[in-house]
Amino acid sequence: MAFVTLNNLVKVYPEKSGPGIRAVNGIDLEIKEREFMVLVGPSGCGKSTTLRMIAGLEDISGGAITIAGEVVNHVQPKDRDIAMVFQNYALYPHMSVYENMAFGLKLRKYPKTEIDARVREAATMLGLTDYLDRKPKALSGGQRQRVAVGRAIVRKPKVFLFDEPLSNLDAKMRVSTRAEISKLHARLDATMIYVTHDQVEAMTMGDRICVMKDGNIMQVAEPLELYNHPASMFVAGFMGSPPMNFFKGRITRSPHGLVFVEDNSKAAPFQLLLGGPLAEKAAAYADRAVVCGVRPEDAQDTATVANPGTGHTIDAVVEISEPMGPETFLHLHTGAHAFTARVRASNPFAINQKVEITFLMDRVRLFDPDTEKAL
Amino acid sequence: MSPVRSIDGSRQRSDWPSHLIIWGFLLIELFPLYMMFQVSFKDNASFIANPWLPTSPATWNWGNWDFGLRLIGPYIANTVFVATTGTIGTIGFAICGAYFFARCKLPFSDALWAAFLLLMLLPGVTNIVPLFTQLKDLNLLNTLWALVIVGIASAQVFNIFVLRHFIEDLPKDLFEAAEMDGAGHLQRIWHIVIPLSAPIIGTLFILAFLAKWNEILLPLIVLRDKELFTLGVGLFYLDGEYTKQWGQVMAAYSISAIPLIIVFLFAMRFFVKGLSSGAVKG
């Protein structure tokens, strides 16, 4: 059952002249009860605006938002039964941690004993019991962040909204807080909508991920589905770090079957023999231009691949080698295309060294160059 | 003079010439106060014989103070009423107005703001005649409420002007968080704006109180009955009636200044904090 539904949701910011800026462009999205939905995309893609419209902090220009079956377009934020965690925490600087967490309950005129019980329960859950009397400025970034989360959970709302809550934390803190929020979701069993521009957060935390670009939804799917079967070049390039490599080329016929031939005027273009489902998809594009997408981890040093097969290897030149410890990021080029391979760190690589790279063909994706959609 | 510590903690050499200049100005400023105070203990004979130097405390004429207190006691009571209600009203309304301009974006609010600022360019005195006829129509002439109401209205532009920018600088997220927490506009003002703008509100409070305490033109025009007189107008008439009794007049002046000095001493910390707030964002 959809718990939060966005129907043809539009947000237009008026301009002095012209039709206005369409920050959100008629999106449809269904978020299930108890789901952890992540809205992800580059800055300016409309994800925060969408979240703020769900919160009621932005007026809706068109469409409808329903929460638990009720259209809330004109319902005040306080009456939507939602809580929000802000990017910079938005803690009240003049109130103690306890008062910050109790504020919403106090305004809703809960009895004092109930407020106290809820605040202490949340504080225990978040490890804030020792800090209840402190003011926010006496807390570290991570602690402030937990207070902001605590302020949301004491209200026991129907829906939690998170607006890039980790982006002000340092890298280490971010990783641990990420896990804490995931645990919290499991424990509270609540519906959560989480906005981030960080695809790692999206991949690790979301039950489903909604990728947005320019006010449109590009794809909504579970994390691995999104990673393994991106619907478009944008999604493929956005999810994953380093991002997917793209090679422009054509599908041509050969005696062995359909072949992807790289566009390369500077060196001998590489050829990839297409088989299985990939060949079926490519059949309609025979003799036409396509884009071939390969994730860095699917491009391996042939020396380390047990059974490279024929027609799956290409020659490339090392531009830079970045040893990461367990693996090495090789920045390579074929003459026409620069790409990245994430290879095992068994042997060192020298700059300008020639290497033979094998693509794991069952993981290679093809895209239409005009629509940028996956074949 | 010994070296003084500057704000950032580094030692600086003190600066003789500038200190001399400051002391010079201070003496010029303080001289009338000194004269007022020391003359308030003299009768006319000793004042004429020795106008400049204070007499020994043993010969102080406390009768002047007794007289002054009885004379202007009712004026002080009236002034306390006008200044206190007026100041609370002024700041209360100004906070609401400033909050509106800072946080509520409605169509034409910019035009409203421009019209509002235009009022600041208008010298207050030009208003006097229309104000008088308006108060007459409202049957408010010769009442203290006229002073309170006009005082509140005329102080809005300046106070809103100052407060608006202060409130705009408060993080927007705080207001949104409060909105999500269920706070209405008035609750946001009470729980967010007032505590976080305390220094500037304190400063404006003192400035408004001072202005109302020292108000003279409006009470002079509005008030007719002597028992309604506020200090400004009361002391003004005092000057004419008791010119010859310098000691008594000066005692009355001294008494009228004391409540202000007390208010100021209590609020000094706030005042300085408010004036320098914004200089260093903290």
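Computed values, structure above
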| read-out | value |
| --- | --- |
| The listed residue being surrounded by 13 or more Cβ atoms within 10 Å (Cβ to Cβ), closer than 30 Å to B:Val150 by Cβ and not acidic (Asp, Glu), out of B:Thr55, B:Thr85 | B:Thr85 |
| Those residues of the range A:105-117 which are assigned to a loop (DSSP other than H, G, I, E, B) and either more than 13 Å from B:Ala183 (Cα to Cα) or within 8 Å of chain B (Cβ to nearest Cβ) (or both), in sequence order | A:Arg108, A:Tyr110, A:Pro111 |
| For A:Arg295: the one exception among (1) surrounded by 18 or more Cβ atoms within 10 Å (Cβ to Cβ); (2) at pLDDT below 90 | (2) |
| Top-ranked residue of the range A:76-104 - restricted to ones that are more than 24 Å from A:Phe3 (Cα to Cα) and in a helix (DSSP H, G or I), ranked as nearest to the other protein chains (Cβ to nearest Cβ) | A:Phe103 |
| Of all residues in the range B:139-152 being buried (at least 18 other Cβ atoms within 10 Å of the Cβ) and of a type outside the set (Val, Ile, Thr), the one that is farthest from the other protein chains (Cβ to nearest Cβ) | B:Ala146 |
| Tabulated pairs, the range B:58-83, first part of a loop (DSSP other than H, G, I, E, B), second aromatic (Phe, Trp, Tyr) and surrounded by 22 or more Cβ atoms within 10 Å (Cβ to Cβ), C-beta under 7 angstrom, 6+ apart or interchain | B:Trp60/B:Phe41; B:Asn61/B:Phe41 |
| Residue list for the range B:88-110, filter: within 20 Å of the chain's Cα centre (by Cα) and among the polar types (S, T, N, Q) | B:Thr90 |
| Any hit, the range A:21-40, residues being away from chain B (no Cβ under 14 Å), without any contact (Cβ under 8 Å) to a residue 24 or more places away in the chain and either touching a Leu at 6+ places or on another chain (Cβ under 9 Å) or not acidic (Asp, Glu) (or both) | yes |
| Residue match in the range A:128-142 (condition: surrounded by 20 or more Cβ atoms within 10 Å (Cβ to Cβ), within 28 Å of the chain's Cα centre (by Cα) and assigned to a helix (DSSP H, G or I)) | no |
| The range A:304-328: number of residues that are touching a residue at least 40 places away in the same chain (Cβ under 8 Å) and surrounded by 16 or more Cβ atoms within 10 Å (Cβ to Cβ) | 7 |
| Those residues of the range A:47-66 which are outside any loop (DSSP other than H, G, I, E, B) and within 14 Å of chain B (Cβ to nearest Cβ), in sequence order | A:Ser48, A:Thr49, A:Leu51, A:Arg52, A:Met53, A:Ile54, A:Ala55 |
| Condition broken by B:Ala208, with the remaining ones in (1) hydrophobic (A, V, I, L, M, F, W, C); (2) modelled with pLDDT under 90; (3) touching a Gly at 6+ places or on another chain (Cβ under 8 Å) satisfied | (2) |
| In the range A:148-178, the residues that are without any contact (Cβ under 8 Å) to a residue 60 or more places away in the chain and either β-branched (Val, Ile, Thr) or within 24 Å of A:Val220 (Cβ to Cβ) (or both) | A:Val154, A:Leu166, A:Val175, A:Thr177, A:Arg178 |
| Residue within the range B:191-204 that is crowded, with 22+ Cβ neighbours inside 10 Å, within 14 Å of another protein chain (Cβ to nearest Cβ) and farther than 30 Å from B:Ile258 by Cβ present | yes |
| B:Ile200 closer than 30 Å to A:Lys78 by Cβ and modelled with pLDDT of 90 or more | no |
| Residue count for the range B:154-184, restricted to those that are in contact with a Phe, Trp or Tyr (Cβ under 7 Å, 6 or more places away or on another chain) and touching a residue at least 40 places away in the same chain (Cβ under 8 Å) | 5 |
| Of all residues in the range B:153-182 being acidic (Asp, Glu) and surrounded by fewer than 20 Cβ atoms within 10 Å (Cβ to Cβ), the one that is farthest from the other protein chains (Cβ to nearest Cβ) | B:Glu168 |
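The values are calculated or read from the model by the stated rules, or taken from the named source; none is laboratory data. Bear in mind the structure is a predicted one, so any value in this text is a computation, not a measurement. A quick note on method: Cβ atoms are made from the backbone with ideal geometry, for glycine too, and the neighbour counts reach across all protein chains shown.
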